[in-house]
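Right, one structure below, let's go through it.
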Amino acid sequence: MKFCTVKQYFDDENNNNVTNGIATTVIPLPNKHLKIKANNKEMEQYEQELLRNVMPQELTKLILAANYLNFKEALDFFCRTVANAIQNKSVDYVRKFFGLESDFEPGEEEKLCKEFAWSFEGVDED
Amino acid sequence: MQETVEQRSLPPFLRRRNTNVPIDIALNILARLPVKPVMRFRCVCKSWDSSITNPNFISTHLNNNNNTNKDDDDDDRGYLFHMPNVITRTMYSSSSSSNPVCTVVCDRTFNRISEHPIPSDLLINFAEIVGSFNGLLCLAEYGNGATYDEVIYLWNPSIRKFKRLPRTWLSQYDWDATGFAYHSERDDYKVVKIYSPSSNRIKRPEVEAEVYSLSSDSWTRVGISLRPNVVVSKVKDYSSASFVNGALHWLVSVSEGEVEVRNRKIILSFDVDDDKFGEIALPGGHGLKRLRSERFKENLAVFKGKLAFITFGNREIVYFRDSVGSCQCVIWVMEEYGVCESWNKLFSVRLGEVESFFGCTRFGELLVQKAFKFKYGGSDVLRLNNCVIVSLDPETLHEKDLGVQLPNIATTFEESLVILDQADGLSG
């Protein structure tokens, strides 16, 4: 199941930096999961290690890779990580992160933000 | 379109110009966030705003939070609420924090307290907190017939949104008790009002009921039909129902046949699935009218997920300057719901004098208000107010002074987005 997709993935593309990055991060996960399945804390530590060198922006690529590979545990893990990373961030930061643009009518966005201005308190500086 | 060198080196699925995370994955991420950032990110773009305010996302977000908190010993769910009444509000407005807040005491150790500002247009004076489900509170004001109006609100403090329920009343009846329930299969919230006749024109004292459903945003009259010739004559004033096993429960008096003398107490139940009332007998000889020689408090509660009947019998012995009170607290638990033989006397303990009972925590601690006895010239600290709120473990008799103001209710609370999809503010 998973292995077919992975093989096809590698067949699609020659070795390059991006694929390597994904390979070192995503692929080892299933094995590790099996080894330390019972122990959540250990898994958490392993996950922290793995992501220490990955920039938040890289995470979107990892998420797309995990999604493409239909790899639920990795997707869960990456989503959790992104959630923690963006929790206190501003709207602008999140837009850049996900590559989105505001499509509100002029004034519409302001009105919305004003409605729940309290949710903007304590946001990290960009 | 010319591909850049960089793009050519990417695997096919990343080579598309739009390498954006699809909306369903974005929602997967958003559903893991606390309420505050979720609300803020409504401003990211239109599709995020409409997705976040969609009932499906609200449910997913709620389920996510429920699952993460399930086994945690240090989970964030609160237990106790204090809603300020109009007198306290005046006090607050003259102090530095001028806005009235609803206080929630959090977690098992009652050490963390969170405060939630009450919206200025949520007009309520003496609020009874009827219940709480999924972060949604039901507030009731019974009114005094003159200055304070009757009103019911559904309020989600974490998103600062409320909904006033449509007005309803029965002429010649007084609204005496309420219940708030959640129907999980239909994802619907219900409020039940119980009325007692106020007019003498009503020959036989018999209570009436109305049920509100959030999904239909309307009230319906519901008849209470128990066994033949049995009618519910009285309900405990201002009581809020205990919700267990998919039903609401109140302590009521019934009269059988034409003979008024045979006034008994039973538990009135309301099943939120079929909207039908039923009855459950009290344990032992508790249905019979009690003699007035002993001050005796009877309460329904939910004890570790089961329906419980808790009584406090106070006996006051007055000596010279010391006033020593004690009471016998008996906790009956219905081990098998609906089966009267399964009433089990779980505890019978002697406590200091108990003034009021607020409910049980999910771990089986009782939340009570105790009268504080003080001694002249003793080493005890002299308290300025004469009552203390404690959590009491009936097994170990260990007490913890909670250091909180007079609470309204003991119930669980969590953050959620519930009613975000409802129309704004006032209704009806």
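Each reported figure results from applying straightforward, stated rules to the coordinates on display, with no laboratory input. From a predicted model like this one, the values you see are computed outputs, not experimental measurements. Methodologically, a virtual Cβ is constructed for each residue, glycine included, from the backbone with ideal geometry; neighbour enumeration extends over all protein chains shown.
When the Cα convex hull of segment B:122-223 is projected onto planes of every orientation, the mean area is 7.0 nm². The modelled label-to-label distance between A:K114 and B:T396, using points 7 Å beyond Cα along the C-beta direction, is 5.4 nm.
With 22 Å as the limit on Cα-Cα distance, the pairs of A:K114/B:K46; B:K306/B:K345; B:K161/B:K190; B:K190/B:K236 all stay inside it. Relative to the current alpha-carbon distance between B:T168 and B:D24, full extension at 0.36 nm per residue lengthens the span by 47.7 nm. Please work out the C-alpha center-to-center distance from segment B:208-223 to segment B:180-198 and express it in whole Å. For segment B:208-223 versus segment B:180-198, the Cα centre distance is 7 Å.
Per residue of A:105-115, other chain Cβ atoms within 10 Å of the residue Cβ number 2 on average.
Between A:A85 and B:F296, the C-beta separation translates, for a Förster distance of 41 Å, into a calculated FRET efficiency of about 0.10.
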